[in-house]
């Protein structure tokens, strides 16, 4: 697969508008394309990553990120990338860098709806154990449910319920791999009413039970 130069403008645009989740998804696609075309050449892989970082930095600059902090972080990230010994290390550095860039973009550059959706995403991550409905967010911001639903899907990259389910699954996987918590406790922490519901939802996504997922990764 050829290096996907065509993905860089979209990646930079997502960073410019502080759309971190969409930027990270596009970055993963780009890194996979780079890796496929490098045939194990780590030096060339890191060079392509550095080129990608420059495009990302330009997006953050257009979004209003402070220049001094932006350039200092860019130089530090390039030095870390040069020291990366594996592709996995380089990919982790790239993801962390893109997340920081999106965080540095000035909130004033975001539209009102972007600020609302970014705030919703942060709230959803922080309070997975106490999930709120789209109707509750709609009431809080005095926006119709239909309008908020369309705006959320456009800005977040997927409908509200799908994003809520994705965040729930992401946290559940983290807890399964990093802790010995029981299924019932994990279900509670990700906002599900019962262990049976959690198991059914998990199997629908991963094709195995949470217990099997954990045993295969620990």
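The set of residues from the range 29-49 being surrounded by fewer than 16 Cβ atoms within 10 Å (Cβ to Cβ) and touching a helix residue (DSSP H, G or I) at 6+ places or on another chain (Cβ under 8 Å) comprises 29, 42, 44.
With 153, 96 as the choices, which residue is within 23 Å of residue 192 (Cα to Cα) and out of contact with any helix residue (DSSP H, G or I) (no Cβ under 6 Å at 6 or more places or on another chain)? Break it down into steps so the answer makes sense when it comes.
Working: 96 fails: within 23 Å of residue 192 (Cα to Cα).
Exactly one of 153, 96 is within 23 Å of residue 192 (Cα to Cα) and out of contact with any helix residue (DSSP H, G or I) (no Cβ under 6 Å at 6 or more places or on another chain), namely 153.
When 101, 134 are screened for being surrounded by 16 or more Cβ atoms within 10 Å (Cβ to Cβ), over 30 Å from residue 8 (Cβ atoms) and touching a helix residue (DSSP H, G or I) at 6+ places or on another chain (Cβ under 6 Å), only 134 passes.
Here are 123, 129: which of them is within 17 Å of residue 20 (Cα to Cα) and surrounded by 12 or more Cβ atoms within 10 Å (Cβ to Cβ)? Before the answer, list the steps.
On the way: 129 fails: within 17 Å of residue 20 (Cα to Cα).
Unique residue meeting the criteria: 123.
Being free of Cβ contacts under 8 Å to residues at least 40 places away in the same chain and out of contact with any helix residue (DSSP H, G or I) (no Cβ under 9 Å at 6 or more places or on another chain) is a description that does not apply to residue 184.
If you check residue 161 against the conditions, is it in a loop (DSSP other than H, G, I, E, B) and modelled with pLDDT of 95 or more?
Details: in a loop (DSSP other than H, G, I, E, B): no; modelled with pLDDT of 95 or more: yes.
Answer is no for this residue.
Put simply, of 148, 167, 176 the only residue that is surrounded by 15 or more Cβ atoms within 10 Å (Cβ to Cβ) and over 20 Å from the mean Cα position of the chain (by Cα) is 148.
Residue by residue, here is whether (1) in a loop (DSSP other than H, G, I, E, B); (2) within 28 Å of residue 19 (Cβ to Cβ) holds:
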{"position": "140", "(1), (2)": "no, yes"}
{"position": "151", "(1), (2)": "no, yes"}
{"position": "169", "(1), (2)": "no, yes"}
{"position": "174", "(1), (2)": "no, yes"}
{"position": "185", "(1), (2)": "no, no"}
{"position": "192", "(1), (2)": "yes, yes"}
{"position": "196", "(1), (2)": "no, no"}
{"position": "200", "(1), (2)": "no, no"}
{"position": "205", "(1), (2)": "no, yes"}
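Could you say whether any residue in the range 105-113 is buried (at least 16 other Cβ atoms within 10 Å of the Cβ) and in contact (Cβ under 8 Å) with a residue 60 or more places away in the chain? Within the range 105-113, one or more residues are buried (at least 16 other Cβ atoms within 10 Å of the Cβ) and in contact (Cβ under 8 Å) with a residue 60 or more places away in the chain.
The values are calculated or read from the model by the stated rules, or taken from the named source; none is laboratory data. Just so it is clear, the structure is predicted and the values come from calculations on it, not from any experiment. Cβ: placed from backbone, ideal geometry, glycine included. Neighbour counts: every protein chain shown.
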